[in-house]
1. What's the number of the condition Gln140 fails, among (1) surrounded by fewer than 16 Cβ atoms within 10 Å (Cβ to Cβ); (2) farther than 30 Å from Glu110 by Cα?
2. So, in region 102-136, of the ones that are within 26 Å of Gly75 (Cβ to Cβ) and of a type in the set (A, V, I, L, M, F, W, C), which residue ends up surrounded by the fewest Cβ atoms within 10 Å (Cβ to Cβ)?
3. Among the residues of region 31-45 satisfying the criterion of being touching a residue at least 24 places away in the same chain (Cβ under 8 Å) and under 23 Å from the mean Cα position of the chain (by Cα), which is surrounded by the most Cβ atoms within 10 Å (Cβ to Cβ)?
4. State all residues of region 150-168 that are surrounded by 11 or more Cβ atoms within 10 Å (Cβ to Cβ) and of a type in the set (D, E, K, R); if no residue qualifies, say none.
5. Please work out if Glu149 is without any contact (Cβ under 8 Å) to a residue 12 or more places away in the chain, farther than 29 Å from Tyr105 by Cα and not assigned by TED's automatic domain parsing to the domain that holds Tyr105.
6. Suppose the filter is at pLDDT below 90 and in contact with a Leu (Cβ under 9 Å, 6 or more places away or on another chain); does Ala27 pass it?
7. Of the conditions (1) within 30 Å of Arg93 (Cβ to Cβ); (2) not assigned by TED's automatic domain parsing to the domain that holds Tyr84, Glu119 fails just one. Which one is it?
8. (1) buried (at least 18 other Cβ atoms within 10 Å of the Cβ); (2) of a type outside the set (Gly, Ala, Ser); (3) part of a helix (DSSP H, G or I): which one isn't true of Thr190, the others all being true?
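The values are calculated or read from the model by the stated rules, or taken from the named source; none is laboratory data. Keep in mind that this is a model prediction, so the values were computed, not measured. Cβ atoms come from the backbone with ideal geometry, glycine included; neighbour counts cover every protein chain shown.
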Amino acid sequence: MRRLFALAAALTLLVGAAPAFSASNDAIRRNNLGADFIAQGRMEEAAGEFRRALELDPQYTAAQLNLAYTYDRLGRVEAAIAAYKRSLELDPRSAYAYNNLGVLYDKGGEYDQAIEAYEQALRIEPNNPATQKNLENARQNKQTIQEREAQTAAGMKQVEARPKDPKAAYEMGRIYAVQGRASQAIEWLTKALELGFDDLEFMKADPALVGLRGDPRFGRLTQKP
């Protein structure tokens, strides 16, 4: 499973070395308070403290990373991505930022960007097992998407070549069902029935359609008139 590093906890240790970050005492205090809010699950308040820390010291990398992490926890993906990119401007050698940026891209289905971010992280920390696993997953996800696109394209080619053939429409429904795309699967199975497909018992037992069996739309399709 892909995972984000627990940045708030790790960075609380980093801010103890204030001279290394040239952060002011007030900025450090705000950052640490934000980390405490994260531990309490008070994400909006945490984000506010990290923003205040950055107002006091815009170069404070630890607070910038923590703000990015908090935005992700709040579901503000675009803001989190922007914050991680800003942290990389401050510290281009941050494997944390590259890994977490990759996770956000991965979750959004932007696998090329995710792979690039993970690879950057591994150039900095080559033996990090979490990032290695994230990269492997992103590559597998990309391959899966490519395979699905190829299957879909092949099915559509058959439908276009045989627009009146119920078997072609049925096969398109099977393809979408296997991919977990229920609405498209139901649409094509409906079309297959309209074109004359009538083996409802086969449809009920078809293992490719197992993911549809709890869908009331599928139940209605397989009822005999």
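1. (2)
2. The selected residue is Ala130.
3. Ile38
4. Answer for region 150-168, where residues must be surrounded by 11 or more Cβ atoms within 10 Å (Cβ to Cβ) and of a type in the set (D, E, K, R): Lys157, Arg162, Asp165, Lys167.
5. Spelling it out, it is not the case that Glu149 is without any contact (Cβ under 8 Å) to a residue 12 or more places away in the chain, farther than 29 Å from Tyr105 by Cα and not assigned by TED's automatic domain parsing to the domain that holds Tyr105.
6. Taking the combined requirement at face value, the residue does not satisfy it.
7. Unmet condition: (2).
8. (1)
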